[in-house]
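The values are calculated or read from the model by the stated rules, or taken from the named source; none is laboratory data. This one's a predicted model, so the numbers in the text were calculated from it and none came from an experiment. Here the Cβ positions follow ideal geometry from the backbone for every residue, glycine too, while neighbour counts run over all protein chains shown. Each accessible area value is taken on the protein alone, full model and side chains, heavy atoms only, with ligands, DNA and RNA left out. Shrake-Rupley method; radii C 1.70, N 1.55, O 1.52, S 1.80 Å.
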Amino acid sequence: MLPRETIASARIPGGETLTLVRHGGDHVVMLGREELMGTRMRFSEEQLAVLTLERLGKPDPRLLVGGYGMGFTLRAALAAMGPGGRVTVAEIVPEIIEWARGPLAHLTGDTLGDPRLTIAPCDVAAAIDDAVDGTSARYDAILLDVDNGPDGIVRTGNERLYTRTGLARARAALAPGGVLAVWSAAPTPGSPAGCRTPASRSRSAWCARGRATRGRATPSGSPARRDQPRLMRRRPMKSRLPIGMPFIRRMS
């Protein structure tokens, strides 16, 4: 069995400590014994961007991405956007960006030098508030890959993004016809992000069931569920979020 090598650690403001671990040719971000994300599986994070841009239908959108992670969502967005698009990534843990430039540079490539990209060293809630009060322009889409989804484990306070008030703030930060996309590791009973709020009603939602890349790990350290990707169109939601998938709604 290949050993795990700890490369770096970072303290989360208002939370615990993240650890970047190398396991053979793969890298994993850990919270204690939990695997939050890894380089081995990335499909659902990429689909968060791909499906959002498909839903928008705009070549040069203005996007807000909550959380850099390992950059999979960001890179997928930049690859699908035109030269006039703009992406702001709100990342509250500065070491995450340092890792992207350092031990994860082989993944990052020249992404962080893309002129369409702005890295905002802040909580994504603050970036949403700026758009609501007019400090910044509103966004065509907001992509939330924060914590483990509505049922957060990483940082106290992340859950507020997915409350009725949090979703209403996100809606107010969107331009007309804007889209809110949420990544969730698992079903979250009772969460407004489970699509039963006035802010999230729409005629349909496009979503992809993808491989879970975070959430509770099995004893072997691998994710508990790895669904093959498939695309589906849904009527107004009655069920909860499937494991490891983006949930996308037009908020106008």
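Structure data summary
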read-out	value
Subset of the stretch 60-88 that is touching a Leu at 6+ places or on another chain (Cβ under 6 Å) and free of Cβ contacts under 8 Å to residues at least 60 places away in the same chain - its residue that is farthest from Thr19 (Cα to Cα)	Ala80
Neighbours by Cβ (under 6 Å, 6+ apart or cross-chain): first from the stretch 93-121, hydroxyl-bearing (Ser, Thr, Tyr) and at pLDDT 95 or above; second surrounded by 15 or more Cβ atoms within 10 Å (Cβ to Cβ) and part of a helix (DSSP H, G or I)	Thr108/Ala100; Thr111/Arg75
Members of the stretch 182-191 found to be aromatic (Phe, Trp, Tyr) and either at pLDDT 90 or above or open to solvent by 10 Å² or more (accessible area, probe 1.4 Å) (or both), listed by number	none
Index of the failed condition, Tyr68 passing every other in (1) at positive phi; (2) buried (at least 21 other Cβ atoms within 10 Å of the Cβ)	(1)
Some residue of the stretch 90-102 being of a type in the set (Asp, Glu) and open to solvent by less than 60 Å² (accessible area, probe 1.4 Å)	yes
Pick from the stretch 1-11, criterion of a type outside the set (Lys, Arg) and at pLDDT 90 or above, ranking: nearest to the chain's Cα centre (by Cα)	Ala10
All positions within the stretch 42-51 that are open to solvent by less than 20 Å² (accessible area, probe 1.4 Å) and either at pLDDT 95 or above or not hydroxyl-bearing (Ser, Thr, Tyr) (or both)	Glu45, Leu48, Ala49, Leu51
Residue list for the stretch 148-181, filter: in contact with an Asp or Glu (Cβ under 8 Å, 6 or more places away or on another chain), outside any strand (DSSP E or B) and either modelled with pLDDT under 85 or of a type in the set (Ser, Thr, Tyr) (or both)	Pro150, Asp151, Gly152, Ile153, Val154, Asn158, Glu159
Residue satisfying all of: in the stretch 76-87; outside any loop (DSSP other than H, G, I, E, B) and open to solvent by 50 Å² or more (accessible area, probe 1.4 Å); nearest to Arg116 (Cα to Cα) among these	Arg86
